1. Could we say that Phe14 is among the hydrophobic types (A, V, I, L, M, F, W, C), at pLDDT 90 or above and in contact with a strand residue (DSSP E or B) (Cβ under 9 Å, 6 or more places away or on another chain) here?
2. Take the conditions in a loop (DSSP other than H, G, I, E, B) and modelled with pLDDT of 90 or more and apply them to Thr38. Does it pass?
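The values are calculated or read from the model by the stated rules, or taken from the named source; none is laboratory data. Note that the coordinates shown come from a computational prediction; the quantities given were computed from them, not determined experimentally. As a convention, Cβ positions derive from the backbone with ideal geometry for all residues, glycine included, and neighbour counts pool all protein chains shown.
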Amino acid sequence: MYTAINGVFENGQFILQETPPTTKKSKVLIMFMDEIETPFVNEPNSKKGVRLGSWADKGYSIPDDFNEPMN
């Protein structure tokens, strides 16, 4: 059985942020994760994706039978 637990390595020590599932002696595997900074978005209401219908004037459209059964 494998269990993942979050933690931080700081000043030469591992600080667990969750309680381990056992208190017995156990083998562990420690992985060091790269810190990835998320870019700051200046627009508070910015949304990812494409607005529905925004490509209609560019030659793209949804067929009239889009929601019909395929059989």
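1. Yes: the conditions hold for Phe14.
2. In short, no.
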